[in-house]
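Peer 1: Below is a structure I'd like to ask you about.
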Amino acid sequence: MNEPLLFALDASRPFAEAVAGHLGVALAAHEEREFEDGEHKSRPLVSVRGRDVYVIHSLCGDAAQSPNDKLLRLLFFLGALRDAAAERVTAVLPYLAYARKDRRSQPRDPVTTRYVAALFEAVGTDCVVTLDVHNPAAFENAFRCRTEELSAIGLFAGHFAAAAGDAELAVVSPDAGGIKRADRLRTRLAALTGRPVGAAFMEKYRAEGVVSGTALGGDVAGKVALIVDDLVSGGTTLARAARACREAGASRVCAAATHGVFAAAAAGTLAASALDELAITDSVGAPRLDASQLPGRFVCLSVAPLFGAAIRRMHDGGSIVALLG
């Protein structure tokens, strides 16, 4: 009874099993049932009364379920846990769907992040834990329940600090909006290597889905340029930043993106890019980009230990500040 009770919906089970392994607990039993008309139900098969319950589910669409399918199934399950008298219900979301639609970019636009937050609150969710959202301030402001945002910055910093050796580094933001994220990585790399780390950023404009802007601010000449972003979808943002870094004289160009969403055209775009290495995490489950499509240039780092540590600290009433990257 003193251990956290950990559930995972079927679509996220492999990742959740890795988290459970780091916690030293087994996933609790549950049922997911499909009906002939396309409706479904999910329920716990163990008592949750008075328990501290965590449900792991990544809300990135795949070939079997859309983000909407995954979101609705999760909401129904969270509601069932609340109705079954769980003491505390925490949604653990390695990838949060609709986190990019956090503001009105055109007249009468929806602010979908806020609507998603209201759905979680409506089913009685006490806390939402996620990883490297697009806009942390918008994420925090959208929810009225407790929120915790973990970060893969520390994981990426450790990986690239070891790989860089004695080479000079420069962290590059692919747009002005990512400068704070890039600066966090730059600071962590400087601490790990004991050397100054440079900074640069790309200009970027987006109109009707078309990305433009070629200017690069900052010095990457003779350095390992490390482009960092929260996610990679079509790959065009990373590809254009990589090309600019290469043209500016970078000795090597690498990229780190927490969420490997990878739209259909991403493989071709990234394969033809100037990137020497792309590192992602397993936040959306199994990588959608086969390593053979980027031979010798693709690395997937696991964030399961990070989520395991966060759940343990939350359950024990501790702070997760040291895990924030």
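Peer 1: Which of the residues that make up region 268-300 are of a type in the set (A, V, I, L, M) and touching a residue at least 60 places away in the same chain (Cβ under 8 Å)?
Peer 2: Correct list: 279, 284, 286, 299.
Peer 1: Looking only at residues that are over 22 Å from residue 236 (Cβ atoms) and either outside the structural domain of residue 250 (by TED's automatic domain parsing) or in contact with a Gly (Cβ under 7 Å, 6 or more places away or on another chain) (or both) in region 170-191, which one is surrounded by the fewest Cβ atoms within 10 Å (Cβ to Cβ)?
Peer 2: Ranking the candidates gives 184 first.
Peer 1: Name the single residue, out of those in region 245-268 being touching a Ser or Thr at 6+ places or on another chain (Cβ under 6 Å) and not in a strand (DSSP E or B), that is modelled with the lowest pLDDT.
Peer 2: 263
Peer 1: Output the qualifying pairs, or none if there are none: Cβ atoms under 8 angstrom, residues six or more apart or on different chains, first residue in region 163-187 and touching a residue at least 40 places away in the same chain (Cβ under 8 Å), second residue of a type in the set (Ser, Thr, Tyr).
Peer 2: 164/193; 167/251; 169/193; 174/237; 175/237; 181/173; 182/173; 184/151
Peer 1: Tell me, yes or no, whether region 253-267 has at least one residue that is touching a His at 6+ places or on another chain (Cβ under 7 Å), in contact (Cβ under 8 Å) with a residue 40 or more places away in the chain and of a type outside the set (S, T, N, Q).
Peer 2: No; the residues of region 253-267 include none that is touching a His at 6+ places or on another chain (Cβ under 7 Å), in contact (Cβ under 8 Å) with a residue 40 or more places away in the chain and of a type outside the set (S, T, N, Q).
Peer 1: Residue 125 versus (1) surrounded by fewer than 21 Cβ atoms within 10 Å (Cβ to Cβ); (2) modelled with pLDDT of 95 or more: which is the lone unmet condition?
Peer 2: Here residue 125 clears every test but (1).
Peer 1: Which of the residues belonging to region 283-325 are in a loop (DSSP other than H, G, I, E, B), touching a strand residue (DSSP E or B) at 6+ places or on another chain (Cβ under 7 Å) and crowded, with 19+ Cβ neighbours inside 10 Å?
Peer 2: Passing the criteria: 283, 284, 289, 303.
Peer 1: Still on this model: Suppose the filter is in contact with a Ser or Thr (Cβ under 6 Å, 6 or more places away or on another chain), of a type outside the set (A, V, I, L, M), farther than 17 Å from residue 283 by Cα and not assigned by TED's automatic domain parsing to the domain that holds residue 256; does residue 143 pass it?
Peer 2: Considered against the rule, which asks whether it is in contact with a Ser or Thr (Cβ under 6 Å, 6 or more places away or on another chain), of a type outside the set (A, V, I, L, M), farther than 17 Å from residue 283 by Cα and not assigned by TED's automatic domain parsing to the domain that holds residue 256, residue 143 comes out as no.
Peer 1: Taking the stated definitions as given, is residue 71 part of a helix (DSSP H, G or I) and crowded, with 23+ Cβ neighbours inside 10 Å?
Peer 2: Here the answer is no, as residue 71 does not meet what is asked.
Peer 1: Which condition from (1) over 19 Å from the mean Cα position of the chain (by Cα); (2) outside the structural domain of residue 19 (by TED's automatic domain parsing) is the one that residue 287 breaks?
Peer 2: So residue 287 meets the others, but not (1).
Peer 1: Please report, ordered by residue number, the helices (runs of 4 or more DSSP H) entirely within region 90-204 with at least 3 residues that are touching a Phe, Trp or Tyr at 6+ places or on another chain (Cβ under 9 Å).
Peer 2: 112-122, 179-193
Peer 1: For the structure I just gave you, tell me whether residue 79 is at pLDDT 95 or above, loosely packed, with under 15 Cβ neighbours inside 10 Å and not in a loop (DSSP other than H, G, I, E, B).
Peer 2: Against the criterion (at pLDDT 95 or above, loosely packed, with under 15 Cβ neighbours inside 10 Å and not in a loop (DSSP other than H, G, I, E, B)), residue 79 does not qualify.
The values are calculated or read from the model by the stated rules, or taken from the named source; none is laboratory data. Computed from a predicted model, the values in this text were never measured in an experiment. FYI the Cβ positions are ideal-geometry reconstructions off the backbone, even for glycines, and counts take in every protein chain you see.
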